[in-house]
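Below you'll find the structure, written out as C-alpha cells, and then a few comments.
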Amino acid sequence: MRRCSCVPITACIRLESTVANQRRKVQRSVLLAAVTLLTSPGCETVRETGSMTSQRSIPLDIHSRAEPNRVRVTHLNLDLTLDFAMKRAEGTARLHLRRLDRQAPLVLDAKDLEIIRVTGDGEGERPFQTGPRDARLGSALSITLNPADQAVTIHYRTTPAAEAMQWLGPEQTAGGKHAFLFTQGQSILTRSWIPLQDSPGVRITYEARIQAPQGLTPLMSAEQLGRDRSGAHRFRMDRPIPPYLIALACGELEFQPISGRCGVWAEPPVARKARDELFDAERMIQSAEKLFGPYRWGRYDILVLPPSFPFGGMENPRLTFATPTILAGDKSLVGLVAHELSHSWSGNLVTNARWSDFWLNEGFTVYLEQRIMEQIYGPERSNMEKQLGRRDLEEELKTLEPWQQVLECNLQGRHPDEGFSQVPYEKGALFLRRIEELVGRKAFDKFLNRYFKQFQFQSITTSDFLASLNEILLADHPVAAKKLDIDSWVRQPGLPPDAQAVTSELLRQVDTELARWKSGVTPGELATSGWVTHQWLHFIQGLPEPLLAGQMRALDNAFQFTQSGNSEILSQWLLAAIRNRYTQADARLEAFLMNVGRRKFLKPIYSELAKTPEGLARARALYAKARPRYHAVSTGTLDGILK
Ligand code: BES
Ligand code: ZN
C-alpha cells in the first residue's frame, strides 16, 4: 500500500510541554509542514518495504532545540580526524535535509562545539548563529539556508569539554601503551561531538570517514567498509537510527570471531578471555530471532572497552559497547549481552521518541533479555535474575520521588538522567510480564513480533504502544483487557499489586543458610558449595546490619569477598564494608574506585561513603584522585553526590 506522507498518523504530537510558546511553536511548525507537504508537487510516499523513510510528524522533544517538522536531517556524512594529543576531533558533518517548510532555517543541537564555517549546495558560506548555552541542553545552532540547499556542510572541531567523548591515556588501558577514545551518545550527548538534530525522534542514516593515528583501529556502530587510499577508515549505517546510537571507539584493538556474523573486539591482552566469556552471543542471537523476529542489522559484534566505560553496556547498533567488569570468568554476568542484544529490537528498531518514553526502550529490553536467558540457561537462572531485579526495584522505589516512579514520566525542566532508575527497567518489564500472564505467552509473543514489525525503524511514544496493544492484542482478549489496569502501571507511582513476584529455589536455599548463620552457625559450616554469583549476591544483600568487625572478618576469611574477581560481588561487599567500617577492605575499595568508571558501581559506593562526615571526607579525597579517570556520565552524577 502506498501511503501519502502528508497524512499525519495518529497521536503524532503529544503536547507534553507545559510551556505555552513551545506549544505554539510546534503547532505552527506542524501546520506549516502539513501545508508545505500538501502543496509541494514532490509529496513523498512511504516505501512499501516499511517505514525506512518515515514521513511522520515528529513529537515534540523537550530535550532538543531542533525543529525537525520544518527542516529535517535525514542523512549524515561525517569526516573526522582524531587528534589524541589535543583530545579533539576535527572535520566536517555534511547533513542531508528534507525541507518541509522552505522558509525555515535548519536548527541543530550543539554543545561545546567549535563551529568554523558552514557551506551549502553551491557557492559561498551560510550564515549561522549559536544561541545561548543551556547547561543541560547545550545551544541551538541555527543555519540560514539558500532556497536550493538540500544539504549543508558544517566545518567544526570538538573541544575537550565534549561530554560524549572520553580520551584515555595509555595508563587507563589494558595494554598500557596506546591511548584510547570512545564516545557515549545516550541520552543527549551526541550533540557534544556532532552537530545534528539530537532527538531520538529524528532518525538518520550515516556514513563516516575516520582518520586515526597509525596503529589504532577506529570502530563505529556501522558496517565497516575498510580503508580508503589515504588510510582513513570508512563506515556506513544504511538503516535509519536515532542520533544517540552513533558511536565511535578507537584504540589498539583485536578481533576474535565467535561465529560468521558475531565476534568480540577488545584490547589484545583481554581479547581471548573476552571471547571465551561472551561465546554464547551467537546462541543468544538465534534465540532472540526465534522469539522476536529477524535480526535486522547484519553483524552483531561486542566491543569490550577499558574499565572507565560508564555503563555496563550500550546497545550501539551492530557493535555493543561493554564494560570489562562483566568478564567474571564463569559467564555469570552475560545477561548483559542478552540485554544489549535485545535492544536490537526494542530501542534500536523501535525507539522511544522522547526520553519520557524511555521505559519503551528499557522495560521491553529487560523483558526480552529475561526471555533469552530463560531459553539459554533455563528458568532457574532467569528466576534468580527476576527475583534480584525486583528486589533492587523495591529498594530503589523507597528513595524515589513519585514522578520518578511512573513509566511515562514528566521530564519538563529536567535532564533525561533524572528519570534513570530501576523503574523504566524493572517496572517496565513487570508490566509486560503481567500482560503476558493475562493473555498467555503464545499470544503475547505473536503480539511482540507484530509490534516490532509494525513500528520497525520508527520512533514511538507510550501512546503509540498502548494503541497498538489495544488494537492487536487486547481487542481479542476482552477478559485480560478488563483485568489490566493500564493507568496504574503506566501513570501511577509505585508497584501495582498484580506485579509478579517470582521466587527462585536457589535463592531460597541461600535464605536457609542465612538463617543458619544468624542462629550462630559459623561461615565455614554453611552449605555454600557450588553457589553461583547470584546466590552470593543474595547472601551479601541478606546480611543483617550492623555487623561486628569480627563477623565481617570471619565471613571474609571463609569466602574471600575482598579478593573477589567478580565485580558485582565485590561491589556489594564493599558496600557492606563501608557500612560496617570494615577497614581491611580499604585498599581494595580504593583500587576499585581508581580503576572502574561504571556509574552503577560508583554511585552507591560514593553515596554510602557520603553518609557519615568521615566517610564524606574520605570520598572527596578519593574522588579528587579518581575523577580525571571517569567519563562525564559518571562525574555528572558523582559531582552532585559529593558537592
Ligand atoms: N541503554 C542502556 C544504557 C544507558 C541508559 C545509557 C540510559 C545512557 C542513558 C543500556 O542498555 C543499559 O541498560 N545498560 C545496563 C545494563 C543492563 C544489563 C541493565 C548498564 O549499563 O548497567
Ligand atoms: Zn538497556
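Summary of computed values
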{"quantity": "Cα pair count fraction exceeding 22 Å, expressed as % - region 523-641", "calculated": "33 percent"}
{"quantity": "Sequence-separation-based contact order of the chain, relative, with Cα cut under 8 Å and 6+ spacing, percent", "calculated": "11 percent"}
{"quantity": "Order by protection proxy (mean Cβ within 10 Å, highest first), peptides 85-96, 124-135, 336-347, 490-501", "calculated": "336-347, 85-96, 490-501, 124-135"}
{"quantity": "About the Cα centre, charge dipole magnitude for the chain (Lys/Arg +1, Asp/Glu -1 at Cβ), debye", "calculated": "1060 debye"}
{"quantity": "Pairs beyond 19 Å (Cα-Cα), from Lys87/Lys177; Lys518/Lys600; Lys290/Lys446", "calculated": "Lys518/Lys600"}
{"quantity": "Taking all pairs of distinct alpha-carbon atoms in the chain, Kirkwood radius in angstrom", "calculated": "25.9 Å"}
{"quantity": "For region 257-353: relative contact order, % (alpha-carbon pairs under 8 angstrom, 6 or more apart)", "calculated": "27 percent"}
{"quantity": "In order through region 228-241: 3J(HN,Hα) via Karplus (6.51 cos²θ - 1.76 cosθ + 1.60), integer Hz, x for Gly, Pro", "calculated": "8, 4, 7, x, 6, 8, 10, 9, 8, 10, 9, 9, x, 10"}
{"quantity": "Tail weight of P(r) past 30 Å, computed on alpha-carbon pairs of region 64-252, percent", "calculated": "16 percent"}
{"quantity": "Packing-based ranking, highest mean first, of 464-471, 60-67, 527-534 given that Cβ atoms within 10 Å are counted", "calculated": "60-67, 464-471, 527-534"}
{"quantity": "Centre separation in Å (Cα based) which lies between region 196-245 and region 67-112", "calculated": "14 Å"}
{"quantity": "Principal semi-axes in Å for region 192-338 [√(5λ), Cα gyration tensor, largest first]", "calculated": "24, 20, 15"}
{"quantity": "Interchain or long-range residues, amide H under 5 Å from Ile241's placed H", "calculated": "Ile204, Thr205"}
{"quantity": "Nearby lysines by direct alpha-carbon distance to Lys643 (threshold 18 angstrom, same-chain neighbours under 8 apart not counted)", "calculated": "Lys603, Lys611, Lys625"}
{"quantity": "Per-residue ³J(HN,Hα) for region 311-316, Karplus 6.51 cos²θ - 1.76 cosθ + 1.60, θ = phi - 60°, Hz, x for Gly and Pro", "calculated": "10, x, x, 9, 7, 4"}
{"quantity": "Total formal charge among the other residues, if their Cβ is under 10 angstrom from that of Tyr300, Lys/Arg +1 and Asp/Glu -1", "calculated": "0"}
{"quantity": "Within straight-line cross-link reach of Lys483, lysines at Cα separation under 19 Å, skipping those fewer than 8 residues along the same chain", "calculated": "Lys427, Lys442"}
{"quantity": "Difference of contour (0.36 nm per residue) and Cα-Cα distance, Gln492 to Glu401", "calculated": "31.6 nm"}
{"quantity": "Projected label distance in nm at Ala161 and Arg102, using a 7 Å step from Cα toward the beta-carbon", "calculated": "3.9 nm"}
{"quantity": "Within-15-Å neighbourhood charge of Asp586 [Cβ basis; K, R +1; D, E -1]", "calculated": "+2"}
{"quantity": "Ranked packing of 594-604, 554-564, most packed first, by mean Cβ within 10 Å", "calculated": "594-604, 554-564"}
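A short reminder: the numbers here are calculations on the coordinates, not readings from a lab. Small disclaimer: the values here were computed from a predicted structure and weren't measured. A quick note on method: Cβ atoms are made from the backbone with ideal geometry, for glycine too, and the neighbour counts reach across all protein chains shown.
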